[in-house]
Amino acid sequence: MPVTHIKNNFEMPECDGDVLTVKDLHFSYPDGHAALHGVSFNLCSGDKVALVGPNGAGKSTLMLHLNGILNGHGDIEISGKPLTRNNLSVIRAMVGLVFQNPDDQLFSPTVFEDVAFGPLHMGLPEADVRARVDAALEAVRMSSYRDRLSHHLSVGEKKRIAIATVLSMNPSLLILDEPSAGLDPRARRTLINLLRELPITMLVSTHDMVLVKELFPRVIVMDEGRVVADGSTREILENEELLTAHGLEKP
Amino acid sequence: MPVTHIKNNFEMPECDGDVLTVKDLHFSYPDGHAALHGVSFNLCSGDKVALVGPNGAGKSTLMLHLNGILNGHGDIEISGKPLTRNNLSVIRAMVGLVFQNPDDQLFSPTVFEDVAFGPLHMGLPEADVRARVDAALEAVRMSSYRDRLSHHLSVGEKKRIAIATVLSMNPSLLILDEPSAGLDPRARRTLINLLRELPITMLVSTHDMVLVKELFPRVIVMDEGRVVADGSTREILENEELLTAHGLEKP
Amino acid sequence: MHFNAFDRYHEKESFIHRLDPRVKAAVTVVFIISNALLPDGAWVAFGFAWLVVLLANLLSRLGLGYTLKRSIIALPFALIAVTVLFSIPGKPLFAFHLFMSDFTITDAGLLRFVSILIRSWLSVQMAILLVAVTRFPDLIHALEHLKVPAILTTIIAFLYRYLFVLTDEVFRLLRARESRSAAAAGNRSGGGVFWRARVAGNMAGQLFLRSYERSDRIYNAMMSRGYSGHLYTLNPHEMKPGDYYVTAFAIAIIFIVQVLGRL
Amino acid sequence: MHFSPIPLHIPDGFLSIAISILCWVITIVILGFAVSKTNKALGEKQVPLMGVMSAFIFAAQMINFPIAGGTSGHLLGGALASVVLGPWAGMLVMTAVIAVQALLFQDGGLLVMGANILNMGLVTAAIGYGLYRGVAGRSKVVKLSVVGVAAWLSVMAGALLTALQLWLSSTSQLEIVIPAMLGVHAVIGLGEALVTVAALSFILQTRPDLLGEDSESAKGSRNWAYVGGAIALIVILLSPLASTDPDGLNRVAMDLGFIQTAQSGSGPLAGYVVPFFKSGPVSKIAAGLIGLLVVGAIVTLIGRGMKAKSQIVNHKSGLATPSATASGYSTANQKPQIKNRKS
Ligand SMILES: Nc1ncnc2c1ncn2[C@@H]1O[C@H](COP(=O)(O)OP(=O)(O)OP(=O)(O)O)[C@@H](O)[C@H]1O
Ligand SMILES: Nc1ncnc2c1ncn2[C@@H]1O[C@H](COP(=O)(O)OP(=O)(O)OP(=O)(O)O)[C@@H](O)[C@H]1O
Ligand SMILES: [Mg+2]
Ligand SMILES: [Mg+2]
């Protein structure tokens, strides 16, 4: 289907201490499917940015690049450090990636083991690991769930634990792939409040335009492997032409 | 959590030729959890009704009763036929149940085989089976997908094929459990248009209040295993007290 | 399918629940070995061993009959041992004629048959008790401590975690198939047996692909959190004095069972 | 809920201790190979892949299909697992499944788990993979039909082994248990074959890359074809022989020294294990020695218990000292407060 690539004429946020810089990122899957065609953008400390776009736009693919799980052509810098094969493990500690399905993220039998997985694999001493687990569970308000079995949790609870599993690594950038999918309104509300409170830079992909409007001052719109708009949420949500061209809807 | 059971004071739709009657349905899961406490309602030919309510309200449980996969106490009649163990398989041909996750519904390698499962199981002759498959695919606008592999379709496409798998059984009542979950706005729009066009009585459970507002003249609200409201969408969506009491949000 | 239908752990407060899982696993295995070592017809020892099981039930606060009620699962297999009733020479107790052959139950045969059943039944009860008082993740840790190769214990941990997710998927698949298994009035429904088998195979194939792709996503999630081929776990268990004492006590009891069996 | 309607999971009590231990030894040796081979072959992805695959086998065993008269067929999975994952990984996956079935659901005993793993996990994987490997590079139809035969034979081999183990334990009579087990499993194996073939053809159709030239399953050694073929041949030759001429097998077993006193009633091999308790002065001495050993073990355990008590006290005070908070990764702009927590 033809897609109008509207030129991006929204004001770009200014910033000095960049948390993330992506420059001209290209990527094709092994089967030849080109999923990213030159993606560039910046994130600044404290930014909360929504990443929207239709199915297949390349949002998840982009996110998998930000901590080096996929490896395209182009430059990625996290807090000034270029992402290379050598500092992969340092970068992975700085970028916390939360996947869409919490069942894929919570692979250990108990909540404690899952939240401890990241710190343990960073090689921290036991006491630190325990402290970080406690702090991360505290941050998502799930301290009392420490010794629960993961499969006994509801979707909303699993989601929050999934966020804790990366918070325990003290990331400087939090990346969430469709966090509100499959939640009922009540659980969704809890999640929104949680994300609002967390004092971390975050990039969140979503189809949930209400979430975008409520939570994010800035939106990046992707379609067909390109960034087609990047600017203030208020302006972008007003631009119906842009939205419909990229399969989006006003909330 | 305490739930206010607001008395149902909305006008009930009148009808003569009932497609579905549910009377005082009770059900507890084997582990003792009582999921339905006396559910009653009617559907008339041509009705399109939304079933809403918070997680755990019992919507899915109710739907599983309507073609006899679960077996509670109470009376269910489909087009005047009582649902009993003896006429179970005939009832199943009349009630088409589409589950939330299309991957559960599509278990054959090709689209054709999946859509043909129902008619084949009914023991129809081959020519009939082919005719029905073609008609069902036509109805969901997917005729050209006949020989594709289901596994490689997008979620929205899978959803439409899943609907075709029950349409091919010529049901007189279509029941959909959260059809719009996980779809992006474009696919959701396509689905809404499809559901609007299908000339079949349908009962659709959903958390998507925009969908409810756009598509369904009538809403049934469930909470804690009970029908707490049943009436015209316009009136129910106006009643903020009712909505918030049952964890719902105005679209 | 509800989430905890598979859990065998029975939440209760008791010192047996709090024992180190290694102790519980080891004692269970020793008890089962002891049963296997008891000679046929050691009624006193069998009785004493059952008292031990009952006592363990009581001490775990599960109620006297907890394991008894759940122990019938081993019964169907008893069929396989029925032949010893007739095959061991001894004093004939009872004879009958069936399918053109004569069968004679001997006293020695009966003795052996009943002994086999009792051994099995005692062992099953102890195994039931083990998982009723030990959370499965703890049991996996116990296996780690008991030197089961890490690759196996991690596979088992993953199996336990995804058992619930994948059986849910299976139940939803089966449910979807069931809801479309209809009949048209007057037609012979159901399809041929080969077709039905193929549908089941397709479902297994579908489940395989979904599981395979899930393992990719899990691998991504693990890598994002620093995994690079080696798994580290915290060792949450430590033998306390009571654990040693209970082990000693249990071994003494089992030794008494053995002595009783040979008097 | 009972999840394995197959009479292959032997519970505790039905095998003599000698047979149980013998099977454990064989199983552990084979698994040892499997562990070292998969560590080399699969790399870091092996853990999630094999973990989820074992959950898959467990779950797939619940997919049933009605055959006739209220009976239904379903998958066991040994052949399928080894064909898609390769032989060694397939064995480990089946081992995990059988272990969880025994540990969590008491489906099969603990002492006899070695036998159950051998019968249902190792032999099935060896035949399944071996025959499949034997036709590597042939057409899809050939592959699928061979897999079908292999799946059927794998079930038959498991049944045959089970029957032999039961007989050697004096739990069943050979001339009854062999035809009974093989008869029942001939039908069960048919279900296994049909479902395995259908599942595999589904995978070949939708993700042929998973079974292609670079897949794990293609990398198994050519020798598997001989191993699988040999086991298959044994099953094919031994089954009819054993069912028509059990006396012959009895005689062989006797010649090999397996059967001492079938009359004694406590099992042919039981004779090796506890003979000295029955009578004679040697037995008295042996019993006394064992008694001493047990008492020694108990005393040691109590001693360790006391030692552990003092250690725990030390350990606790050790934890209370401020521990290292150094981390090379604390680049975060905000840090959750790190509290020291007593363990
Ligand atoms: N493993 C893969 N191999 C080949 N192509 C892939 C793979 N994963 C994704 N793609 C393709 O790459 C494109 C981008 O996919 P991606 O998952 O990044 O989209 P998305 O924006 O996250 O969509 P959604 O909103 O559905 O999550 C799609 O066309 C998709 O089909
Ligand atoms: N198999 C089961 N065993 C026991 N309890 C169950 C089972 N399935 C569902 N329940 C419980 O029954 C209640 C009703 O569940 P149901 O799935 O019908 O809710 P729902 O309205 O469909 O919710 P959702 O919006 O999340 O789909 C819930 O409390 C749920 O926990
Ligand atoms: Mg995505
Ligand atoms: Mg539901």
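Each reported figure results from applying straightforward, stated rules to the coordinates on display, with no laboratory input. Bear in mind the structure is a predicted one, so any value in this text is a computation, not a measurement. Cβ: placed from backbone, ideal geometry, glycine included. Neighbour counts: every protein chain shown.
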Original post:
When the helix-only estimate is applied to chain C (DSSP H runs of n ≥ 4, each -39,500 (n - 2.57), divided by the residue count), what is the mean residue ellipticity at 222 nm, nearest 500 deg cm²/dmol?
Top reply: -21500 deg cm²/dmol
Subject >> Cα→Cβ-extended label distance, 7 Å offset, between C:GLU13 and D:TYR226, nm >> reply: 6.5
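Can you pull a Stokes-Einstein diffusion coefficient for segment A:165-251 at 25 °C (0.890 mPa s), Rh from Kirkwood over Cα pairs, as a whole number of µm²/s?
Taking Rh from Cα pairs, D becomes 175 µm²/s.
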**OP:** Please return the longest stretch of chain A lacking exposed loop sites, where GluC sites (Glu not before Pro) count only if DSSP places them in a loop and at most 11 other Cβ atoms lie within 10 Å.
**Re:** A:15-251
Subject >> Packing-based ranking, highest mean first, of D:191-203, C:57-69 given that Cβ atoms within 10 Å are counted >> reply: D:191-203, C:57-69
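For a quick check of your reading of the filter: which chymotrypsin sites (Phe, Trp or Tyr not before Pro) in segment C:94-141 sit in a DSSP loop and have no more than 14 other Cβ atoms within 10 Å?
C:PHE99
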Original post:
Between A:GLU197 and the same site in the other copies, what are the distances in nm, shortest first, taking label points 7 Å from Cα along the C-beta direction?
Top reply: 4.8
Original post:
Given 37 °C and 0.692 mPa s, how large is the Stokes-Einstein diffusion coefficient of the protein assembly as shown in µm²/s, with Rh as the Kirkwood radius over Cα pairs?
Top reply: 102
**OP:** Provide B:HIS65, B:HIS26, C:HIS141 in ascending order of the number of other Cβ atoms located within 10 Å of each residue's Cβ, fewest first.
**Re:** B:HIS26, B:HIS65, C:HIS141
Subject >> B:ASP128 versus A:ASP18: modelled label distance in nm, points set 7 Å from Cα along the beta carbon direction >> reply: 6.7
Original post:
If we hang a label 7 Å off Cα along the beta carbon direction at A:ASP147, how far is it from the matching labels on the other copies, in nm, shortest first?
Top reply: 6.1
Subject >> Inter-chain Cβ neighbour average for residues A:186-193, partner chain, 10 Å >> reply: 2
Original post:
When we measure straight from the Cα of C:LYS91, which aspartates and glutamates land under 16 angstrom away, once same-chain ones fewer than 8 places off are left out?
Top reply: C:ASP102, C:ASP107
Original post:
What average number of partner chain Cβ atoms lie no more than 10 Å from the Cβ of the residues making up D:169-182?
Top reply: 4
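Kindly identify segment D:130-169 as rounded, prolate or oblate by the Cα gyration tensor criterion: order the square roots of the eigenvalues as a ≥ b ≥ c, call it rounded if a/c is under 1.5, otherwise compare a/b with b/c, prolate if a/b is larger, else oblate.
It comes out prolate by the Cα gyration axes.
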Original post:
Hey, what did chain C get for relative contact order, percent, Cα under 8 Å, at least 6 apart?
Top reply: 32
Original post:
Is chain C best put as rounded, prolate or oblate by its Cα gyration tensor, with a ≥ b ≥ c the root eigenvalues, rounded for a/c under 1.5, and otherwise prolate when a/b is larger than b/c, oblate when not?
Top reply: oblate
Original post:
P(r) of chain B in 5 Å steps, Cα pairs, percent per bin?
Top reply: 1, 6, 14, 17, 19, 17, 13, 8, 4, 1, 0, 0
Subject >> Residues B:THR165, D:THR71, C:THR233, D:THR27, sorted so that the one with the fewest Cβ neighbours within 10 Å comes first >> reply: D:THR71, C:THR233, D:THR27, B:THR165
Subject >> Packing-based order for B:85-91, D:168-174, using average beta carbon neighbours within 10 Å, highest first >> reply: D:168-174, B:85-91
Subject >> Per-residue average of Cβ from other chains inside 10 Å of C:241-251 >> reply: 6
**OP:** Using a/c under 1.5 as the rounded threshold, could you call segment D:10-93 rounded, prolate or oblate? The axes a ≥ b ≥ c are square roots of the C-alpha gyration tensor eigenvalues, and prolate needs a/b larger than b/c, oblate otherwise.
**Re:** oblate
Original post:
How large is Rg/Rh for segment A:102-182, to two decimals, with Cα atoms and a Kirkwood Rh?
Top reply: 0.94
**OP:** Only helical DSSP H runs with n ≥ 4 go in: add -39500 (n - 2.57) per run for chain A, normalise by residue count and round the 222 nm mean residue ellipticity to 500 deg cm²/dmol.
**Re:** -10000 deg cm²/dmol
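Going down the list C:LYS147/D:LYS307; A:LYS250/B:LYS250; A:LYS59/A:LYS158; A:LYS159/B:LYS213; B:LYS23/B:LYS59; B:LYS213/B:LYS250, which pairs span over 18 Å between their C-alpha atoms?
On the way: C:LYS147/D:LYS307 23 Å; A:LYS250/B:LYS250 16 Å; A:LYS59/A:LYS158 22 Å; A:LYS159/B:LYS213 29 Å; B:LYS23/B:LYS59 16 Å; B:LYS213/B:LYS250 9 Å.
Going by Cα-Cα distance, C:LYS147/D:LYS307; A:LYS59/A:LYS158; A:LYS159/B:LYS213 fall outside the 18 Å limit.
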